Amino acid sequence: MLQTKTLTQFLITHLVDKPDHTTLSLLLSDLATIGKVISQKTNSAGIAKILGSAGKTNVQDEDVQKLDILANDLCKEYLMQTGRLAALASEEEDAVVAMGDSGNLADYIIAFDPLDGSSNIDVNVSIGTIFSVYKRIPELDRMDEKQFLQKGKEQVLAGYILYGSSTVLVFSFGDGVHECTFDQGVGEFLLSNERISLPNTPTYYSVNECNVNCVREYDKKRMTWLRDESGLRSRYIGSLVADFHRNMIKGGVFMYPEIYKKKEDVYVGKLRLNYELNPMAFLIEQAGGMATDGKGNRILDIEPKALHQRSGFIVGNTNIVETLETYYTEE
Ligand code: AHG
Ligand code: MN
Ligand code: MN
């Protein structure tokens, strides 16, 4: 006897309250299918010889892994044939990608990180796929980059698929965060947590402490407070999706400050607003938490100026994020 709902059953119930979410629900079902395929590819990557570098760098100036390309191509090709999306932006694509003739009249656009945590692919550590869906701006051409410069609070669906000890799909339409776990035997995503809310008592902090000498003074003080005074335990996996998911379930904070780049003499963020920070910020707020850029700005209120814009990031339990924000000082 199946003890819980399948994702499909959950979406049918969801549609009763939100009859205008038909396309969005079908889109989430498409993303779940993509997640099943990437999960299967990830689990057999070593055998299928799709580990390691693809021998090229992407628009982020990062070494692209074979699985990055596989996941990116799979997402693009699968979503292209659904006709549910007008345009797509990806961490692995320099520019906006048209979603074919079938997408010409589609009402939605999607930004995604096809494979997050690429540095962990070859060492069998959890990785993920992150997605962020907006309504298309009707008066703009669907290929206009301004489609993807909407504030994060305009998202209509956001979530991630985490390929870990189990494969979980975590998502929100803006009315709570839901988690489904992939049941290999049934071949379906089954509802495993109807509504995730951040525990009141946080447990972990996640920051890459090797950066302590290339961050601003106030970020250095934040890292010291987290280590010496917060009472939190340190966990850092190096895959945003995995660190974020653990903190969603156990409570905690993840921080990635802007880092000083000597060559350009400038501080820059590592994580990308469109397909990492905005979807995660949307989810954490739906779970009762908070996400800022480390300079007192709510992530979801930031108006992006560029497709691949980066930002500093603090995300997690509101009381911890607010405490960390008190260290901010104007430059
Ligand atoms: P991606 O693999 O999509 O490029 O993302 C990697 C990101 C994120 O997953 C993680 O939090 C961060 O890079 C880790 O960066 P460091 O290795 O510099 O700590
Ligand atoms: Mn990423
Ligand atoms: Mn990536």
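The values are calculated or read from the model by the stated rules, or taken from the named source; none is laboratory data. No experiment lies behind these values; they were computed from the predicted model shown. Counting neighbours? That spans all protein chains shown, and the Cβs are built from the backbone with ideal geometry, glycine included.
For this structure, a couple of remarks:
- Close pairs (7 angstrom Cβ cut-off, 6 or more residues apart or separate chains): at pLDDT below 95 in segment 206-218, hydroxyl-bearing (Ser, Thr, Tyr) and in a helix (DSSP H, G or I) anywhere: none
- Within segment 283-300, the set of residues being closer than 14 Å to Ile314 by Cα and not small (Gly, Ala, Ser) comprises Leu283, Ile284, Glu285, Met290, Thr292, Asp293, Lys295, Asn297, Arg298, Ile299, Leu300.
- If you go through segment 118-137 and keep only what is at pLDDT 95 or above and not polar (S, T, N, Q), you end up with Ile127, Gly128, Ile130, Phe131, Val133, Tyr134, Lys135, Arg136, Ile137.
- Exactly one residue out of Ser126, Ser90, Ser118 is within 16 Å of ligand 1 (Cβ to nearest atom), closer than 15 Å to Leu31 by Cα and touching a strand residue (DSSP E or B) at 6+ places or on another chain (Cβ under 9 Å): that is Ser90.
- Residues considered: Val212, Val177. Of these, the only one that is aliphatic (A, V, I, L, M) and assigned by TED's automatic domain parsing to the domain that holds Tyr267 is Val212.
- The residues on offer are Tyr275, Tyr267, and the sole one that is within 25 Å of Lys305 (Cα to Cα) and surrounded by 23 or more Cβ atoms within 10 Å (Cβ to Cβ) is Tyr275.
- Number of the condition not met by Ser165 [criteria: (1) modelled with pLDDT of 95 or more; (2) under 30 Å from Gln3 (Cα atoms)]: (1)
- The set of residues in segment 89-115 being within 25 Å of Lys56 (Cβ to Cβ), of a type in the set (A, V, I, L, M) and more than 14 Å from ligand 3 (Cβ to nearest atom) consists of Ala95, Val96, Val97, Ala98, Met99, Ile110.
- Pair list, Cβ < 8 Å and 6+ apart or interchain, from segment 108-126 residues that are assigned by TED's automatic domain parsing to the domain that holds Phe148 to residues that are more than 10 Å from ligand 2 (Cβ to nearest atom) and basic (Lys, Arg): Tyr108/Arg84; Tyr108/Lys135; Tyr108/Arg136; Ile109/Lys135; Ile109/Arg136; Ile109/Arg142
- Test result for Ile237, closer than 20 Å to Val125 by Cβ, in a loop (DSSP other than H, G, I, E, B) and of a type in the set (A, V, I, L, M): yes
- Where strands (runs of 3 or more DSSP E) fall wholly inside segment 21-100, the ranges with 2 or more residues that are within 19 Å of the chain's Cα centre (by Cα) and not assigned by TED's automatic domain parsing to the domain that holds Pro279 are 63-65, 85-90.
- Yes/no for Leu157 being of a type outside the set (Phe, Trp, Tyr) and surrounded by fewer than 19 Cβ atoms within 10 Å (Cβ to Cβ): no
- When we screen Phe173, Phe254 for residues that are within 16 Å of ligand 2 (Cβ to nearest atom) and crowded, with 16+ Cβ neighbours inside 10 Å, the only hit is Phe254.
- Applying a threshold of 7 Å to beta carbon distances and a minimum spacing of six or more residues, or different chains, the list of pairs starting in segment 265-282 at a residue that is farther than 21 Å from Asn317 by Cα and ending at one that is more than 12 Å from ligand 3 (Cβ to nearest atom) and part of a helix (DSSP H, G or I) reads Asn274/Phe148.
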